[in-house]
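The values are calculated or read from the model by the stated rules, or taken from the named source; none is laboratory data. Everything numeric here is computed off the predicted structure, so don't read it as measured data. In this analysis, Cβ positions are derived from the backbone assuming ideal geometry, glycine residues included, and neighbour counts consider all displayed protein chains. What goes into the accessible areas is simple: the full protein's heavy atoms, side chains included, and nothing from ligands, DNA or RNA. Shrake-Rupley method; radii C 1.70, N 1.55, O 1.52, S 1.80 Å.
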Amino acid sequence: MNIIFVIVSMAGGGAERVISILANQFVKQSIGVTIIMTAGDEMPVSYQLDERIKLISAGGTSGGSLSKRFKRVAKMRRIFKKQKDAIIISFGPGTSFFAVTSALFLPNRIIISERNDPAVCPYPRLRNLIYQRAKYLVFQTDAALKCFPRSIRKKGFVIGNPLDDKLLPIRNENENGRKFEIVAVGRLEPQKNYALLLEAFALFIRKNHVDITEQYTLAIYGNGSLDNELKNQAKILGIEKKIIFAGFHFDVMEKIKNSAMYILSSDYEGIPNSLLEAMAIGLPVISTDCPIGGSKALIQDGENGILVPVGDIEALANAIFTLVRNPDSAKAMGEKASKARDLYSVDVIAGQWLDVVKKTSK
């Protein structure tokens, strides 16, 4: 069996994380794995890959050049021809356009995985036409699946994201060893709405007693285009000395394992990898109840975490205060959250993916 993953790049991100975990697991089972990057270079690669995995760049960023895009398609097509028996697994609509175009009239069968909120796609009709070409489709949540017409839904499967236990630190059971640090993990891009998080953290500081708030800092792990804008916002809010912009770290869960809590402030998400991993290592978590339902699929509000409305600064600030003032409740939530470690283990999730791959090959 041979599998070809298609992704924009492997420079970092949730979809890239999922591919790296699945690819490493598949090669252990004697499955041939190739990863084609439609617009990425072979370096840097942010996640560890087994040396048996073939990593191929189909071309750098096109910059809008049609000739570069044609060359990309031609190179991908040559690869597909050499591996006529390979199942192609493409992540996301833009990448899938190149995968489907490159595989036209070839025997390769395609699985397409939707990785985000379908509502934010700028070209839904074209996307749906592309998705029709897939043998099967994989969605992260039922809500995402239900966004599509019946012709696509009937070919769809819902599979969560995998957790690689070897990449995760052991759950911290020493609550007294936790730092007075609130953490968030993800790219510094509009989708993550860190502006909301900064506003909520500032409100948490202003509304509550100094003896409670003065010890707490907020650390944001990730890189992105809003770096300077968010740093300026922290200055305007008067909290710049309480904010740490920590950048990207491959071992981010090791960095945050002793933190007080994890927060996801996104406007929309699939299943957020960083939220899932934070839960797996036993952190109390707060998340916006954002479309397309990934956070709600993971969190039972008040049981293994807290859900707050999207864009609600006061609700997020109050949720932070709730965990700070109720350490026993926060501890219980973290313990329940850690059950995700077994529910989304790589063995379970990779097995579900392989079931779809086997159906595709028939």
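Scanning region 126-141 for residues that are assigned to a helix (DSSP H, G or I) and either modelled with pLDDT under 95 or crowded, with 16+ Cβ neighbours inside 10 Å (or both) yields a total of 4. Only strands (runs of 3 or more DSSP E) whose full extent lies in region 201-265 are considered here, and the ones with at least 3 residues that are under 22 Å from the mean Cα position of the chain (by Cα) and closer than 28 Å to Ala11 by Cβ are 217-221, 261-264.
Of the residues screened, Thr101 is not one that is surrounded by 18 or more Cβ atoms within 10 Å (Cβ to Cβ) and either in a helix (DSSP H, G or I) or in contact (Cβ under 8 Å) with a residue 24 or more places away in the chain (or both). Looking across region 104-113, the residues that are open to solvent by 10 Å² or more (accessible area, probe 1.4 Å) and either part of a helix (DSSP H, G or I) or touching a Phe, Trp or Tyr at 6+ places or on another chain (Cβ under 6 Å) (or both) come down to Leu106, Asn108.
Taking region 142-159, which residues are within 19 Å of Ala340 (Cβ to Cβ) and open to solvent by 10 Å² or more (accessible area, probe 1.4 Å)? Asp142, Ala143, Val158 - these are the residues of region 142-159 that are within 19 Å of Ala340 (Cβ to Cβ) and open to solvent by 10 Å² or more (accessible area, probe 1.4 Å).
Taken over region 306-333, the criterion of being in contact with a Lys or Arg (Cβ under 8 Å, 6 or more places away or on another chain) and without any contact (Cβ under 8 Å) to a residue 60 or more places away in the chain is satisfied by Leu307 alone. Is region 271-282 home to any residue that is over 27 Å from Ser113 (Cα atoms), surrounded by fewer than 22 Cβ atoms within 10 Å (Cβ to Cβ) and out of contact with any strand residue (DSSP E or B) (no Cβ under 6 Å at 6 or more places or on another chain)? Checked region 271-282: no residue is over 27 Å from Ser113 (Cα atoms), surrounded by fewer than 22 Cβ atoms within 10 Å (Cβ to Cβ) and out of contact with any strand residue (DSSP E or B) (no Cβ under 6 Å at 6 or more places or on another chain). When residues in region 173-190 are screened for being buried (at least 17 other Cβ atoms within 10 Å of the Cβ), in contact (Cβ under 8 Å) with a residue 60 or more places away in the chain and either outside any strand (DSSP E or B) or among the β-branched types (Val, Ile, Thr) (or both), 6 of them pass.
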